[in-house]
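Asks: Have a look at this one.
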Amino acid sequence: MAHQFLKGVRTDPTLSNADNKQDVDKINTTGSGVIACQISEHSKDGDEALQAFLGHEGSHIEVDEATNSHKTTLSYASIMGLRQDINLVGDNYQWLGSMFYFGYLAWEYPTNRFLQRLPLGKYSAFNVFMWGATLTCFAAVNNFAGAVAVRFFLGVFEAAVTPGFALLTSQWYTKREQGFRTSIWFSFNGWAQIIGGLLAYGIAVGVRKHGADIAGWQIIFMVTGLLTSAIGVLFYFIVPDNQLNARWLTKEERILAIERIRSNEQGVGNKHWKFYQFKEALVDPKTWLFFFYSLMSDIPNGGLTNFFSQLIVSFGYTQEESLLYGTPGGAVEVVTLLLWGWLTVHYGNRLAFSSIFLLLAILGMILIVALPLDNKKGRLAGYYLTQASPVPFVAILSLISTNVAGYTKKTTVAALYLIAYCVGNIIGPQVFRPKDAPRYVPAEIVIIVSWGTCLVTLACIYSYSKIQNSRKLKLRNSPGYVKLENQGFLDLTDGENPEFEYAL
């Protein structure tokens, strides 16, 4: 058992500055004293987690220690008659692949503000529902302009999903758990590729043999879109905004759910936008290392996601076979993500293990480029290895949950990370030029170089985090340092809180 004693818990965050004054006065006027004064000033507006302890001052608490389918759907549709039916010519398909990310890019920062200001669970559910409804509308598209409009709004509604899920993960799970939990929900991208590939193959064969009143690609969009909207409805009723309004927890269990994440030094959220946290996010080197990694890793992602079916066809398989043979790629993504998550729970070091999986992806792309054209099985195996590439992206995403504190700072860093994600995915389809078909060798070389750059970036993130942990340890050991009461629930940033340690 780990025992936590909530002696004299502050129940009104607005009183925290005055309450902390006695503690601050104990500290000398060296570096630790300056930091303590800054913490005291910024603690005026504490985390929502403090509300859970209203009426429980002095209590003794024991804590026991015991959607990616639309992108793959477009790839399937591209070889099921979509190009011909809506008259795509030249590089129209490449621009359809990129247009989704223009919508995502335009709405990413505003939607992160909404994630902070609005009820997190309900706003996320709304976006899941609307995303599904918009995807269903793709079945009614009959020209390039209509497809562009639908793809743009798909990006708008998806912009909230990944950061919203990351925020939910940081609310409910400890630092040690967050990597594995993030890998679980992100692995459903792989499940989407498996189920979507089988569904697309079944529909393609069925339409060919028996005919249908609408095209096979239209059926794909309708089925996946309506299913997603149904999940959005379930999400609304099942997923709470945070522990404070979880209907399936008693009042005592809500307190325990918050208490168990005290060691995160983050709390569960604060709805007020804070300029100093926004500024800190912009000057933190870690933010831009995350940004650069996302940009470079998503150039390959943007290309492979939209062109993997056509890439498999280029190996010498038929269009129907490409639908079926794409599904093991999803299985590789699921297995590698869950294996990485398991390794991080038992051995830690998310960055080192994710680098190993990125090396596998690089090896896979080298096989595609280097093997003879008639070795289609070997090149297909290379493609499967490339599907280990999402692991380090998820590692960084989980580190935004774990290693970025202060709610305004966290939402800002998440927005910048996903803005880079958009830019990379806009560039990605453009490197697969029609003149390079069917092999797309220049695009494959760009992918190898991009992933090599990502390996260097991961090493820089690891080194910088180690240096910051050492600096914080020295500060905590400095003469006169005093940890303030409930310091982890004061909505402090990771940079200003000496108790905050970066996970690796």
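Asks: Scan segment 221-247 for residues that are in a helix (DSSP H, G or I) and farther than 12 Å from Gly132 by Cβ and jot them down.
Replies: Matches in segment 221-247: Tyr236, Phe237, Ile238, Gln243, Leu244, Asn245.
Asks: Determine which member of the set Ala192, Ala204, Ala139 is closer than 15 Å to Thr228 by Cα, among the hydrophobic types (A, V, I, L, M, F, W, C) and more than 26 Å from the chain's Cα centre (by Cα).
Replies: Just one listed residue meets the conditions, Ala139.
Asks: Also, quick follow-up: Go through segment 126-147 and report how many residues are over 14 Å from Trp217 (Cβ atoms) and buried (at least 18 other Cβ atoms within 10 Å of the Cβ).
Replies: The number of residues fulfilling the criteria is 8.
Asks: Next up: Could we say that Asn142 is at pLDDT 85 or above and in a helix (DSSP H, G or I) here?
Replies: Taking the combined requirement at face value, the residue does not satisfy it.
Asks: Output the residue which, of all residues in segment 439-491 that are assigned to a loop (DSSP other than H, G, I, E, B) and of a type in the set (Asp, Glu), is farthest from Leu359 (Cα to Cα).
Replies: Only one residue fits best here, namely Glu485.
Asks: What number of residues within segment 317-351 satisfy the criterion of being assigned to a helix (DSSP H, G or I) and either within 16 Å of Phe186 (Cα to Cα) or touching a Phe, Trp or Tyr at 6+ places or on another chain (Cβ under 7 Å) (or both)?
Replies: Total meeting the criteria: 24.
Asks: Tell me which of these Gln94 doesn't satisfy, since it passes every other one: (1) modelled with pLDDT under 85; (2) within 30 Å of Gln243 (Cα to Cα).
Replies: With respect to (1) modelled with pLDDT under 85; (2) within 30 Å of Gln243 (Cα to Cα), Gln94 is out only on (2).
Asks: Moving to a separate point now. Evaluate the following for Glu265: is it among the acidic types (Asp, Glu) and touching a Leu at 6+ places or on another chain (Cβ under 9 Å)?
Replies: Yes, satisfied.
Asks: Would segment 487-501 turn up any residue that is surrounded by fewer than 24 Cβ atoms within 10 Å (Cβ to Cβ) and closer than 30 Å to Val335 by Cα?
Replies: yes
Asks: Mind listing whichever residues of segment 288-341 are of a type in the set (Gly, Ala, Ser) and either surrounded by 21 or more Cβ atoms within 10 Å (Cβ to Cβ) or closer than 25 Å to Cys422 by Cα (or both)?
Replies: Of everything in segment 288-341, those that are of a type in the set (Gly, Ala, Ser) and either surrounded by 21 or more Cβ atoms within 10 Å (Cβ to Cβ) or closer than 25 Å to Cys422 by Cα (or both) turn out to be Ser294, Ser297, Gly302, Gly303, Ser309, Ser322, Gly326, Gly329, Gly330, Ala331, Gly341.
Asks: Quick check: anything in segment 470-489 of a type in the set (A, V, I, L, M, F, W, C) and closer than 19 Å to Ala395 by Cα?
Replies: no
Asks: Something else: Taking into account only those residues within segment 173-190 that are surrounded by fewer than 19 Cβ atoms within 10 Å (Cβ to Cβ) and of a type in the set (A, V, I, L, M, F, W, C), which is nearest to Phe235 (Cα to Cα)?
Replies: Among those that are surrounded by fewer than 19 Cβ atoms within 10 Å (Cβ to Cβ) and of a type in the set (A, V, I, L, M, F, W, C), it is Trp185.
Asks: A follow-up question, please. Say we look at segment 348-375 and pick out the residues that are surrounded by fewer than 16 Cβ atoms within 10 Å (Cβ to Cβ) and not aliphatic (A, V, I, L, M); which of these is nearest to Val391 (Cα to Cα)?
Replies: Among them, the one singled out is Asn349.
The values are calculated or read from the model by the stated rules, or taken from the named source; none is laboratory data. Since this is a predicted model, take the numbers as computed values, not measurements. Reconstructed Cβ throughout: ideal geometry from the backbone, glycine too, with neighbour counts over all protein chains shown.
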